1. Hey, for A:GLN129 with labels 7 Å out along Cα-Cβ, what do the inter-copy distances come to in nm, ordered shortest first?
2. Mind listing the long-range amide H neighbours of B:VAL365? Cut-off is under 5 Å, sequence gap 5 or more, other chains count too, H placed in the peptide plane at 1.01 Å from N.
3. Using the heavy atoms of the protein chains and a 1.4 angstrom probe, tell me the accessible area per residue for region A:306-357 in square angstrom.
4. As a test, work out the antiparallel percent of DSSP beta bridges whose residues both lie in chain B, rounded to the nearest 5.
5. So which of A:LYS7/B:LYS164; A:LYS78/A:LYS104; A:LYS159/B:LYS366; B:LYS39/B:LYS197 end up more than 28 Å apart by C-alpha?
6. Would you work out what percent of the accessible area of region B:367-456, with all protein chains in place, is carbon or sulfur (probe 1.4 Å)?
7. When a/c is below 1.5 the answer is rounded, else prolate if a/b is larger than b/c, else oblate, so apply that to region B:13-62 with a ≥ b ≥ c taken from the square roots of the Cα gyration tensor eigenvalues.
8. Could you name the lysines in cross-link range of B:LYS404, using Cα to Cα under 16 Å and dropping any fewer than eight places away on the same chain?
There are 2 protein chains.
Amino acid sequence: MKQIPYKIYLSEDEIPHYWYNVRTEMKEDIAPLLHPETKKPITLSDLEPIFCHELAKQEMNATDAYIEIPEEVRNFYKMYRPSPLVRAYCLEKALGTPAHIYYKYEGGNTSGSHKLNSAIAQAYYAKEQGIKALTTETGAGQWGTALAMACGYFGIDLKVFMVKCSCEQKPFRRGVIETYGASVTPSPSMETAVGRKINEMYPGNTGSLGTAISEAVEVATTTPNTRYALGSVMNQVLLHQTIIGLEAGKAFEKIGEYPDIIIGCAGGGSNLGGLMAPFISDKLNGRRNPYFIAVEPSSCPSMTRGKFAYDFCDTGHVTPLAKMYSLGNGYIPSSSHAGGLRYHGMNSVLSQLYHDGTLDEARSVKQTEVFEAATYFAKVEGILPAPESSHAIRVAIDEALKCKETGEEKVILFGLTGTGYFDMTAYMNYNAGKMEDYVPTDEELQKGIATMPKMD
Amino acid sequence: MKQIPYKIYLSEDEIPHYWYNVRTEMKEDIAPLLHPETKKPITLSDLEPIFCHELAKQEMNATDAYIEIPEEVRNFYKMYRPSPLVRAYCLEKALGTPAHIYYKYEGGNTSGSHKLNSAIAQAYYAKEQGIKALTTETGAGQWGTALAMACGYFGIDLKVFMVKCSCEQKPFRRGVIETYGASVTPSPSMETAVGRKINEMYPGNTGSLGTAISEAVEVATTTPNTRYALGSVMNQVLLHQTIIGLEAGKAFEKIGEYPDIIIGCAGGGSNLGGLMAPFISDKLNGRRNPYFIAVEPSSCPSMTRGKFAYDFCDTGHVTPLAKMYSLGNGYIPSSSHAGGLRYHGMNSVLSQLYHDGTLDEARSVKQTEVFEAATYFAKVEGILPAPESSHAIRVAIDEALKCKETGEEKVILFGLTGTGYFDMTAYMNYNAGKMEDYVPTDEELQKGIATMPKMD
């Protein structure tokens, strides 16, 4: 039998022509988004001042299982996709595990992460609609970089609200975003009503994703011919990211394997959902029965310790409410927390799937354990992973070590969403033994959860 | 006819099993390396205290056209190779050129450049010989990162002398090197006789590649069971880098094209030689007649304005003398010069090929022109290139624009050696309009050339 190669590549012709909408097959559909003021289910026309028309439609779409990927988006995909499905032979050998470990590697593009998959789609729909400018927020910087690349490609202006502490810690992320022609504004800024209010209430605060979202939405909705773009959490983003799982599924078909365990890191859910969705379809339809694990940081444990209820998607309460696992829109993870995965909530679709038990397990891990896995992985597999992705690596290693004990030849798939080039401060802290773990107490979590709206 | 894909991948089975030694086919062989004290041709036993046995043999090898790539090295290659040959459709479209532009992309691994191709080979031979530690130098940091990865993989200790100014400007490069388990010493240091001498002669100096080489060689030759590794300039490095050109040649065969013009950036020559060597063989054997262009920075113009003569490879005069194009071992490029390509000399093989006229042309370009091309390329092709690689991009664009004028459908190949993630300071200077060009005067060059040894 022919040995499975280290990297399984599809041909460019095999790039999927459709994204997959898992929502159409769920046991129970998600609860509708609610208008932030009326608390009534939102309509398409409520969303259109915020998002481009096609994206608003995708956000609401509960009926079409497959949505065509526009040709221009597919052509852009061809510059960096299909991404490889990698057989981690060296990791298996180093661990001495009988498990077959695979990862879908999304870090091989200049944005350094999977975020580009949705960024290019969102920029495309903006261009098609004749939108002149987009606004967005970025925390760790992956999304801001990706959207800057996409907007640079289609000639759309972009204003990025970058969480202030990240802006200061990652000047080079800012440099890349500006090299692609976008402007960067540290958030909270004095340019928006929301930003001024937050700055007044909490002088000297270093910002949060929730506030940056509020600022970006405010500018988008008050500037002519401008829309807002979001890099995670929304259904439209999860939809675009299904390219990851669809490609992975095809690659597994080619080599005649199928994953027993599928592991993804969990922030807003875009990578997690994108990787898992097609496999979730297999499970919902009884074709296969993979075991799904969402991995989140112990310092921002929305699925493992949050509440499944309606919450605002932002701190300023200008966005719709979504029913999701949430730590409360006022929750801000400890400043010792490195990298992304710091959003208070979780995409509604994934929240519902977890609530239903289709997504089998959420697991939280401490960041020193994560960086231990990251450094180990970097040495044996030759890729320096993003802190976010390293959450999945941690659990993949743990599962592979269980197989070593039991002797099981399980097939493990995890998402390697990005590279750690812009996270060296965190790595250097870890190398110097200065990294701290943070697990919020129940009281601390309650404070966050208390910021969730009381619904009638 | 089937459209040529954006990215032409070979299968892992097609990774070459042999490196190609262009020296065996040259019109005239290179002049021998000379012992730094006796000035007599060196012998294998002169080299062995510096380099591992197999590498010393490769350095001297003038007879074997093909040298087998060890299986463990090929297996490591499979983690990130074959690298794609990319058809730059978007660049062609943006330029409106009838030319077919291709680039061989070597930046898709964590070291971010082609340097890993030789690093893993050098670390392998060290491991095979039972060497405990390696020393090396790094300027811009690509080589130090690559060798740290390779040594981390094989469990070899590594001490990197990093040019002091680079160490300060690029703390994150240092962070990556240390994450892979290597130690970093800013050069000139007080740990070596050479370093102390340079620090005494030039207090407060910020270092040079030539000095860092001297320090690394001193430590290697005075520490038990330790050897030195070099990332460019040497024939052994050029040999390992032929994997680039060999893969490119196979990929062109697959799509039925052949390059009319081959462009590489020129520092010490490792990428340039590695990309060109197999095509040079075609030319020397009359099979094809591609036109070769070496591109160097105007601030370090060894081929265009240097002298073809014997010179030391380092500032401290502890390494052998090589006959090469050189600006003098005492030449230090302006501190306004960004990125690598700051070595005073050029690999002997390439120097001889250029002297013979086989390598057709050397062209020097100013760095603002280079960053203009880099930024343009980043937007249209979606890859943020290293400053080094962008020298080749500049000339590839210039040649493609000539084709636009003449209507010629020339096939252009250039080497995209790496990514610019760790060069954001330079990009940000360029974005802010603060980047300066530097072209040394003839008098300034004469000062450097005066440091070359007087040979009898």
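1. Listed shortest first, these distances are 6.4 nm.
2. Amide H to amide H, under 5 Å and 5 or more residues apart or across chains, B:VAL365 pairs with B:GLU296, B:SER298.
3. 27 Å²
4. Bridges in chain B that DSSP calls antiparallel: roughly 35 percent.
5. A:LYS7/B:LYS164; A:LYS159/B:LYS366
6. Working: 1840 of 3730 Å².
Whole-percent figure for carbon plus sulfur exposure: 49.
7. Oblate.
8. B:LYS93
The values are calculated or read from the model by the stated rules, or taken from the named source; none is laboratory data. The structure displayed is predicted, hence computed values, not measured ones. A quick note on method: Cβ atoms are made from the backbone with ideal geometry, for glycine too, and the neighbour counts reach across all protein chains shown. When the accessible area is computed, the model is the full protein with side chains, heavy atoms only, and any ligands, DNA or RNA have been set aside. Shrake-Rupley method; radii C 1.70, N 1.55, O 1.52, S 1.80 Å.
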